[in-house]
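Shown next, in C-alpha cells, is the structure this report addresses.
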Amino acid sequence: MTAESPDATIERLLAENERLRQRLSAIEGLSGPRIDKTALDRSSSPNDTPTRKKKAKLSRNDIHRYSRHLLLPEISVEGQLGIVNSSMLVVGAGGLGSPACLYLASAGVGRIGVVDYDEVEVSNLQRQVIHDEERVGLSKSTSATIAMTRINSQIECIAYNYLLDRSTALDLIKQYDIVLDCSDNPPTRYLLNDACVLAGKPLVSGAALRFEGQLTVYNHHGSPCYRCVFPAPPPPETVTNCGDGGVFGPVTGIVGTIQALEALKIAAGVEPAYCGKLLMVDAMSGAFRTIRLRGKRKECVACGDGATLTGLETDYEMWCGMKANDKTQSLAVLKQEDRISVDAYNRVRVAKTPHVLIDTRPLVQTKICALDNSLNIPIDELESRLSEVEEAVHAGQGELPVYCICRRGNDSQLAVQHIRTKFPSLAVVKDVEGGLEAWRRKVDPEWPEY
C-alpha cells in the first residue's frame, strides 16, 4: 500500500474540514430554524403559544417574492395575506410531507410546524426530497425545517421531534390553522382526525403506496371526517407500508404537492377542490379519478349528530391493532425450539449439511438478493405449492430438514406453522430467526439492505 504524501494528506484533511463545516452549518440551520424543545410542556391554550404578529399589508419584499401569486385574480393580495398570516402543521416529513413542506415554505406560510419522530436514512432519499445526504442521521423534522428556512428565511419553522400521541396531539393542533396528514399508519390517521374534529381544524389527508395515491380534505365546510368514511380500522394484516410494499418516488411528490395546493387554497380563502371528494391517482395508467364522498354520517362518533367524542381517550394503537409508525412489528408465534438463530443456521451452511431452505419472500424481493440454493415459495403461494416442499424434502437420501427464511422473520414463522400442520411427521421444520435482516447484521455485513 503506497503511503500518502504530505500534500495529499493536507488536501484530504482540508476537504474533510470543509465537509464538516458544511454539515455543522446545515445542523445549525444557517438562518436558525427553531427546534421547539418545550412543545410537550405547552399549555393547550393558543394564548400560551408564541404568536406571530399578523400582517396588515404585504411588504415591498413580500410583493416581490410572491408576485406570481399576486397576479392571480383568485389569490391576489387578500389571498396572499391569508397565506402569510396562516399557520400549518405537517405531520410526517417523509414522502408526502417533503414536497408539501417545500411548497408551503415557498408560498410564504407564516408558521410551519413539522412533526416526525424518525431520522433521515439513505433509503428515504429516493422520494423524500426535502432531505439530502448531508443530513442523513438528523431528525427528519429538524432536517425539514433547515430546508424550509433556506428557501424562505422570512417564515417560522418549528420542529417537533417526537411521536405524536393522544397526550400531545390536541394541544398541538389547537395552535395551528390547518393540518396536513402526511403520516403512513391508521393509528395516526384516526388520532389526527379526532383531534382536528375537536379543535375545529381542516385536515388535508394524503396517502401513497406502490403506484397509487389518494387525497381528500376532511372536516372542512361540511365535508365528512375520516371516521365518517372509515368508521373502523382495517385488519392489521391487510395494512402494507412502503417499507414492505414499495412506493414509486414521484407518486409521493404528486400527492404531497396537491396536499400543499389544497392547504394553501384554504389559507387564501379559495374553496379546495377535494373537500367532500376523494382524488385517486393511478400512476401506472396515468389516470386521475375523483370520487364524490357521502356527507357526514349522522351516527359518526366524532362529528355525527350524536357524537360521543369529547377527548382523545382512545388508545389508538390498541384499537387499530398496530403501532403508530411505519416499522414492521416482529411476530413471535413459534416456540423457541422451532426457531434457529442466523449464526446457527450459518454453521449448517458452512458444514454443507443437506437441508431445504424455503425463502418465503415475494419473487420481486428475491431478485434483489437471495441465499444460494434457496427455494422461493412466497407465503401467499405456500398452500398451492406444498407438493414442491414435499418433493424437496425427499429429494435426497432420507428426509431433509427444512428451514424457512424471509426478510424479517415474520412470514417464515407462518410458513413453519403451515408446513408443520400439513406435514406433522417432519422431524425438523424451523424458522431462521430475524430473517435476512438479522443475517446482514450478524453474519454478512455486505448483504444488501433494502
Filtering segment 184-213 down to residues that are more than 20 Å from Cys303 (Cβ to Cβ) and either at pLDDT below 95 or surrounded by fewer than 24 Cβ atoms within 10 Å (Cβ to Cβ) (or both) yields Asp184, Asn185, Ala207, Leu209, Arg210, Phe211, Glu212
Counting only residues in segment 115-135 that are surrounded by fewer than 16 Cβ atoms within 10 Å (Cβ to Cβ) and more than 16 Å from the chain's Cα centre (by Cα), the one nearest to Tyr103 (Cα to Cα) is identified as Asp132
Expected single match for at pLDDT below 95, touching a helix residue (DSSP H, G or I) at 6+ places or on another chain (Cβ under 8 Å) and surrounded by fewer than 24 Cβ atoms within 10 Å (Cβ to Cβ) among Tyr103, Tyr162 is Tyr162
A careful count of residues in segment 332-362 that are in contact with a helix residue (DSSP H, G or I) (Cβ under 9 Å, 6 or more places away or on another chain) and either over 16 Å from Gly435 (Cα atoms) or outside any helix (DSSP H, G or I) (or both) gives 15
- Task: State whether the residues of segment 216-226 include one that is crowded, with 23+ Cβ neighbours inside 10 Å and under 27 Å from His131 (Cβ atoms).
- Result: yes
Residue check, Glu433 touching a helix residue (DSSP H, G or I) at 6+ places or on another chain (Cβ under 9 Å), modelled with pLDDT under 95 and on the phi < 0 side of the Ramachandran plot: no
For segment 46-64, pairs from a residue that is closer than 30 Å to Asp171 by Cα and surrounded by 12 or more Cβ atoms within 10 Å (Cβ to Cβ) to a residue that is of a type outside the set (Gly, Ala, Ser) and modelled with pLDDT of 95 or more, with Cβ under 7 Å and 6 or more apart or across chains, are Pro46/Lys174; Pro46/Gln175; Thr49/Gln175; Arg52/Arg111; Arg52/Glu156; Lys55/Leu81; Lys55/Val84; Lys55/Asn85
Considering residues that are touching a residue at least 12 places away in the same chain (Cβ under 8 Å) and farther than 30 Å from Tyr117 by Cα, the number found within segment 308-348 is 10
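The rows are residues; the columns are (1) touching a Ser or Thr at 6+ places or on another chain (Cβ under 7 Å); (2) assigned to a loop (DSSP other than H, G, I, E, B); (3) surrounded by 13 or more Cβ atoms within 10 Å (Cβ to Cβ).
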| residue | (1), (2), (3) |
| --- | --- |
| Ile258 | no, no, yes |
| Val270 | no, yes, yes |
| Met280 | no, no, yes |
| Arg297 | no, yes, yes |
| Cys300 | no, yes, yes |
| Thr308 | no, yes, no |
| Met322 | no, yes, yes |
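Going through segment 196-248 one residue at a time, which ones are on the phi > 0 side of the Ramachandran plot and not in a loop (DSSP other than H, G, I, E, B)? Outline the logic, then answer.
Filtering segment 196-248 for residues on the phi > 0 side of the Ramachandran plot gives 200, 210, 219, 221-222, 246.
Residue satisfying the conditions is Arg210 alone.
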Within segment 153-202, residues free of Cβ contacts under 8 Å to residues at least 60 places away in the same chain and under 25 Å from Gly249 (Cβ atoms) come out as Arg189
| query | Being assigned by TED's automatic domain parsing to the domain that holds Val251 and more than 25 Å from the chain's Cα centre (by Cα), is that true of even one residue in segment 373-382? | reply | no
Conditions (1) surrounded by 21 or more Cβ atoms within 10 Å (Cβ to Cβ); (2) under 22 Å from Val122 (Cβ atoms) -> Arg441 fails only (1)
message: Residue under question is Ala392, and the condition is that it be more than 28 Å from Gly243 (Cα to Cα) and part of a helix (DSSP H, G or I); does it hold?
response: yes
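The values are calculated or read from the model by the stated rules, or taken from the named source; none is laboratory data. What you see is a predicted model, and the numbers here were worked out from it, not measured in a lab. No Cβ is skipped: glycine too gets one built from the backbone with ideal geometry, and neighbour counts run over all protein chains shown.
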